[in-house]
1. From the list A:Ala140, A:Ala146, exactly one residue is surrounded by fewer than 21 Cβ atoms within 10 Å (Cβ to Cβ), of a type in the set (Gly, Ala, Ser) and assigned to a helix (DSSP H, G or I). Which is it?
2. List the number of the failed condition for B:Pro255; all other conditions in (1) open to solvent by less than 10 Å² (accessible area, probe 1.4 Å); (2) of a type outside the set (S, T, N, Q); (3) within 14 Å of another protein chain (Cβ to nearest Cβ); (4) without any contact (Cβ under 8 Å) to a residue 40 or more places away in the chain hold.
3. Which ones in segment A:97-137 are among the hydrophobic types (A, V, I, L, M, F, W, C) and open to solvent by 30 Å² or more (accessible area, probe 1.4 Å)?
4. What pairs come up if the first residue lies in segment A:100-114 and is among the basic types (Lys, Arg), the second is open to solvent by less than 50 Å² (accessible area, probe 1.4 Å), and their beta carbons are under 8 Å apart, counting only those six or more places apart or on different chains?
5. Is it true that B:Ala213 is within 13 Å of chain A (Cβ to nearest Cβ), part of a helix (DSSP H, G or I), open to solvent by 40 Å² or more (accessible area, probe 1.4 Å) and hydrophobic (A, V, I, L, M, F, W, C)?
6. Where in segment B:69-164 are the helices (runs of 4 or more DSSP H), entirely inside, with at least 3 residues that are over 20 Å from B:Val256 (Cβ atoms)?
7. I'm trying to understand the selection: among the residues of segment B:6-23, which are buried (at least 24 other Cβ atoms within 10 Å of the Cβ) and outside any helix (DSSP H, G or I)?
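The values are calculated or read from the model by the stated rules, or taken from the named source; none is laboratory data. The shown structure was predicted, so the numbers you read here are calculated from the model rather than taken from an experiment. When we count neighbours, we look across all protein chains shown, and the Cβ atoms used for this are built from the backbone with ideal geometry, even at glycine. Heavy atoms of the whole protein, side chains included, go into the accessibility calculation; ligands, DNA and RNA do not. Shrake-Rupley method; radii C 1.70, N 1.55, O 1.52, S 1.80 Å.
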Amino acid sequence: MIESTQLDPNFKDEIANEPGGEHILSCFTCGTCTASCPVRVVTDRYSPRKIIRMALLGLKEEVLSSDFIWLCSACYSCHERCPQDVRITELINAIKNIAVREGHVPPAFRVQVDLLRDHGRLIEIGDYDNERRAELGLPAIHEQPAEVAEILKVSGTIALGAAAPAPAEDDAK
Amino acid sequence: MRYALYLGCTVPIRNMNYELSARKVAERLGIELVDSDQFGCCGYPMKGVNHRTALLMAARNLVVAQEMGLDIFTLCTACTGTLTEASVVLNEDEALRQEVNEELEKATGKRYNGQVKVHHIARVLYEDVGLAALRDQIKVSLNGFRFGAHYGCHYLKPSEVFEGFDDPEAPHTLDELIEVTGAEAVQYNTKLLCCGGGVLAVDEEVALAMPQAKLQELAQAGIDALVLACPFCDIMYEYNQRRVMRNVDPRFQLPVLFYSQVLGLAMGMSAEELGFSLNRVKSKGLATKLAALEAAKP
């Protein structure tokens, strides 16, 4: 049973103030989103209608600490079809952003923050990769991590990383 | 036609066949692709973590193109979606651009002027080159080949940032690009299904369940290959194909090709120079047709 004393009536406003979450109050729970969802086809753990309903009710902790908000594949099927222009894919992102600020970060994203900080990209470039590229006549590519690391710092994301910064080259010797 | 070539994280490491064929096709069509080693991740992975971080990372890439004085040419649809969205909101919303520029300047010392546009390879071929000009370049008809088009979600969605290009509910541009080569673009029910790539890092079981329906339907339709234009979709349909299908049919094999490889064949290039040896899923059917195509060349 849902106890009304456990609900946070401000949660929907918090979401509406988050970039991407502005249209949450327009939802009239028609379910077009869930009916359109390719993730819902393979698992009943994910239902955008249910997430929006829970958020509107004020089930803040249940939503933010859940695993299911992270199951959106960002395909924008619901986003395109929503008759109320709730902009659901962006809305789910807004909820994820709030969850992250409350300390709920899936481990995969912590690893990605570290990769971006150290390499400026998600996939590290090794010497082997550039050798293979050269064999195919493709130009070498180089990592440019410095500016990306600064962006992670300025926007407060760098602290979410899983590990300490990689040692500078001098220290590694 | 001159663009800054934006490769993203995945293509230059895992899909050199896509990059190779895209460069060759572009060169033949007179599209000049200019390289820069200043580009980094588009920002897509950070969108769920911190919306502003993702926007700043995208804006940084737009600045790289701005300094080259060029628009961006993309291969990955996830990069296309992220960079297009960033360019549209930053180009149109001056107040937001100011705000983002304050932070971007703090991090990189540079500001974005709001002028850069982003174009996916298939959109350039369809809109800027055009089907008529492509038809003139077809040297070897792929008549007899049957392909299933897979539109990566972020090639067309969210439609609000793609200026009415194509129709996300009934997409046709990739099908037309396939048919211009003489091949048949087979119509099928699961065409709009997402590959599941966006969930892979979070929940592998859910992600790997998502490509199955499309692979099964296309195999039953007896096509030669699934044709796509996104490295993330390729990870799901090709790289993970065996894992996706192991409970259904351990011997399942459906080749997956990048559109630029298909177009290159029709333009008379060999499978070898288009990087076909790097396509992981082989089939006898496709190999036989490719050999026949090569043998028929004058």
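1. On the way: A:Ala140 fails: assigned to a helix (DSSP H, G or I).
The conditions single out A:Ala146.
2. Result: B:Pro255 passes all but (3).
3. If the condition is that a residue be among the hydrophobic types (A, V, I, L, M, F, W, C) and open to solvent by 30 Å² or more (accessible area, probe 1.4 Å), then A:Val111, A:Leu115, A:Leu122, A:Ile123, A:Ala134, A:Leu136 are the ones that fit.
4. Every condition considered, the pairs that remain are A:Arg110/A:Leu160; A:Arg110/A:Gly161.
5. Numbers: within 13 Å of chain A (Cβ to nearest Cβ): yes; part of a helix (DSSP H, G or I): yes; open to solvent by 40 Å² or more (accessible area, probe 1.4 Å): yes; hydrophobic (A, V, I, L, M, F, W, C): yes.
So B:Ala213 fits the description; yes.
6. Details: elements: B:77-92, B:94-108, B:131-137, B:153-156.
Counting at least 3 such residues, we get B:77-92, B:94-108, B:131-137.
7. The answer is B:Tyr6, B:Leu7, B:Gly8, B:Cys9, B:Asn15.
Here's the yes/no breakdown for (1) open to solvent by less than 20 Å² (accessible area, probe 1.4 Å); (2) away from chain A (no Cβ under 14 Å); (3) touching a strand residue (DSSP E or B) at 6+ places or on another chain (Cβ under 8 Å); (4) under 19 Å from B:His120 (Cα atoms):
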{"site": "B:Ala149", "(1), (2), (3), (4)": "yes, yes, yes, yes"}
{"site": "B:Pro158", "(1), (2), (3), (4)": "yes, no, no, yes"}
{"site": "B:Thr173", "(1), (2), (3), (4)": "yes, yes, no, yes"}
{"site": "B:Ile178", "(1), (2), (3), (4)": "yes, yes, yes, yes"}
{"site": "B:Ala185", "(1), (2), (3), (4)": "yes, yes, yes, no"}
{"site": "B:Asn189", "(1), (2), (3), (4)": "no, no, no, no"}
{"site": "B:Leu192", "(1), (2), (3), (4)": "no, no, no, yes"}
{"site": "B:Gly196", "(1), (2), (3), (4)": "yes, no, no, no"}
{"site": "B:Val199", "(1), (2), (3), (4)": "yes, no, no, no"}
